[in-house]
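The values are calculated or read from the model by the stated rules, or taken from the named source; none is laboratory data. Source: prediction; values computed, not measured. All Cβ positions, even for glycine, are placed from backbone atoms using ideal geometry, and neighbour counts span all protein chains on display. Heads up: the accessible areas ignore ligands, DNA and RNA and are worked out on the full protein's heavy atoms, side chains in. Shrake-Rupley method; radii C 1.70, N 1.55, O 1.52, S 1.80 Å.
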Amino acid sequence: MADLRVFLLSCPVQHYAWGKVGFSSEVAQLLASSDPLVHIQEDKPYAEMWMGTHPRGDAVIPDIHISEKTLGQWITNNLNCLGPSVKETYQDLPFLFKVLSVNTALSIQAHPDKELAVKLHAQAPEHYPDKNHKPEMAIALTPFQALCGFRPIQEIVGFLHKVPELRLLIGNEAAEQLEQSMGQDLQAMSSALRVSFTKMMKREKKDFEEQLNILVKRISQQVAEGKDVTDSNGVLLLKLHAQYPGDIGCFVIYFLNLVILQPGEAIFLQANEPHAYLNGDCVECMACSDNTVRAGLTPKFIDVTTLCDMLNYTPAPSSSKLFPAVIDESDPYVSIYNPPIPEFTVLKIKVPSTIPLYMMNKIESASILLVVKGKATGNSAALKSELSLQRGTVVFIAANESLSLELSSEEDLLMFRACCLP
């Protein structure tokens, strides 16, 4: 029997409190579709599905013909499967592929670059458990809301005029500096933005709680009277306050862009980019690290000083935060999301139902394939038998292996494939 280099994976699920509950979760739907024996609990959150070799959630290999029971074990014993460049550089998958189903906000956060990651790990390994950076990309499966990057200065200044509680927290001196920076060079705007944001984030808890209560009371009254609260970002404020009462993160919405992704649209979060996922379902790919610096909208450890010091304070419109995919020149059914980091690339593969047979391209690295929609039968020289693919199926494909797919559904086949392109 040929070495099995293409095989199914059973992937662990994380039931974090912020996840969508029951079948409202894309994670739960994928699980149930791929395995009818899985029991989905309607009152339980299904937040994340991990597709990779993370030590806290290594994917399981259900194939009885493979002696290793997890993907991490199999890769350790078959390093050539990674591909030459990946094997030489990483000795493991350099990425973790996920599905996220977000019901409540995940925290105001950013990820350190490699230099800062080393420093933080040395200082506080209990909070920053490794030395690696953690760039990540989210690609929407459903309409997906996130905060991402600092707004244009004029938008923030507009909120200073409409939300007096915000101006009070920042202080007149910092607010005036921000107002005066409009029309100046980028350095002046970024400097003023840093001062204002840091002033707000470092206010005493009793001060921002008092102002937040005043603001929430005022906006709630306006909503009850049927008034438009767009100028004060009122709807989002009330939603976040209901999730995290009295949290400074509720004021961060006046500094960060609200980005709403439609299915297939993506954001790439490089080092020092402030962000927070708010709601929706996505596939996410990230470098292998657990380093996250948080400062609000979370019950986890908060490190306000580090966050304020590290952030990229470049103001930019929300439209600039979208990360475009590029059509593969060799395959019109493939869209490539290729961020400017070496650890991962994500391919979106959408094959029309009118195409009876589709040959997936060989890739020079190991990859993980997730089926989101449609059905197909897979064949490969690296398989012991045909592979049945349907919604929720996850497949490991070793470097330079091919997989031909015979479509067997009236609907299009939609898949995402994470890899490490040389």
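Only one of these is more than 30 Å from L116 (Cβ to Cβ), modelled with pLDDT of 95 or more, crowded, with 17+ Cβ neighbours inside 10 Å and of a type in the set (A, V, I, L, M, F, W, C): I363, I327. Name it. Show your work before the answer.
Numbers: I327 fails: crowded, with 17+ Cβ neighbours inside 10 Å.
From the options I363, I327, the qualifying one is I363.
Can you tell me how many residues in the stretch 1-13 are open to solvent by less than 30 Å² (accessible area, probe 1.4 Å) and either in a strand (DSSP E or B) or modelled with pLDDT of 95 or more (or both)?
Step one: filter the stretch 1-13 for residues open to solvent by less than 30 Å² (accessible area, probe 1.4 Å), giving 4, 6-7, 9, 11.
Keeping just the survivors that are either in a strand (DSSP E or B) or modelled with pLDDT of 95 or more (or both) gives 6-7, 9, 11.
Here the count works out to 4.
Take the residues of the stretch 14-50 that are open to solvent by less than 20 Å² (accessible area, probe 1.4 Å) and among the aromatic types (F, W, Y): which is farthest from S404 (Cα to Cα)?
Y46
Please go through the stretch 330-360 and give me each residue that is open to solvent by less than 30 Å² (accessible area, probe 1.4 Å), over 18 Å from E265 (Cα atoms) and among the hydroxyl-bearing types (S, T, Y), ordered by number.
Of everything in the stretch 330-360, just one residue is open to solvent by less than 30 Å² (accessible area, probe 1.4 Å), over 18 Å from E265 (Cα atoms) and among the hydroxyl-bearing types (S, T, Y), namely Y358.
Counting just the residues of the stretch 51-94 that are farther than 24 Å from L383 by Cβ and touching a strand residue (DSSP E or B) at 6+ places or on another chain (Cβ under 7 Å), which one comes out surrounded by the fewest Cβ atoms within 10 Å (Cβ to Cβ)?
The residue in question is H54.
Listed here are the residues, each with its yes/no results for (1) touching a strand residue (DSSP E or B) at 6+ places or on another chain (Cβ under 8 Å); (2) at pLDDT 95 or above; (3) in a strand (DSSP E or B).
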| site | (1), (2), (3) |
| --- | --- |
| D309 | no, yes, no |
| S319 | no, yes, no |
| I341 | yes, yes, no |
| K348 | yes, yes, yes |
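I need the full set of residues from the stretch 1-53 which are aromatic (F, W, Y) and farther than 30 Å from A399 by Cβ, in order please.
Y16, W18, F23, Y46 - these are the residues of the stretch 1-53 that are aromatic (F, W, Y) and farther than 30 Å from A399 by Cβ.
Within the stretch 321-335, how many residues are more than 17 Å from the chain's Cα centre (by Cα) and not in a loop (DSSP other than H, G, I, E, B)?
Residues flagged as more than 17 Å from the chain's Cα centre (by Cα) and not in a loop (DSSP other than H, G, I, E, B) within the stretch 321-335 amount to 8.
Is at least one residue of the stretch 367-387 of a type in the set (D, E, K, R) and surrounded by 19 or more Cβ atoms within 10 Å (Cβ to Cβ)?
Scanning the stretch 367-387, I find at least one residue that is of a type in the set (D, E, K, R) and surrounded by 19 or more Cβ atoms within 10 Å (Cβ to Cβ), so the answer is yes.
Does A398 satisfy the criteria of being buried (at least 21 other Cβ atoms within 10 Å of the Cβ) and either touching a Leu at 6+ places or on another chain (Cβ under 9 Å) or of a type in the set (D, E, K, R) (or both)?
Taking the combined requirement at face value, the residue satisfies it.
When you go through S191, S181 one by one, which is the residue that is over 27 Å from the mean Cα position of the chain (by Cα) and open to solvent by 30 Å² or more (accessible area, probe 1.4 Å)? Lay out the reasoning, then the answer.
Values: S181 fails: open to solvent by 30 Å² or more (accessible area, probe 1.4 Å).
From the options S191, S181, the qualifying one is S191.
If you take the residues in the stretch 272-309 that are surrounded by fewer than 19 Cβ atoms within 10 Å (Cβ to Cβ) and of a type in the set (A, V, I, L, M, F, W, C), which one is nearest to F197 (Cα to Cα)?
For the stretch 272-309, the residue satisfying everything is V304.
Would you pick out the residues in the stretch 95-123 that are open to solvent by 20 Å² or more (accessible area, probe 1.4 Å) and either of a type in the set (G, A, S) or more than 30 Å from A242 (Cα to Cα) (or both)?
Passing the criteria: D113, K114, E115, L116, V118, K119, H121, A122, Q123.
Checking I219 against (1) open to solvent by less than 80 Å² (accessible area, probe 1.4 Å); (2) in contact (Cβ under 8 Å) with a residue 40 or more places away in the chain, which single condition isn't satisfied?
(2)
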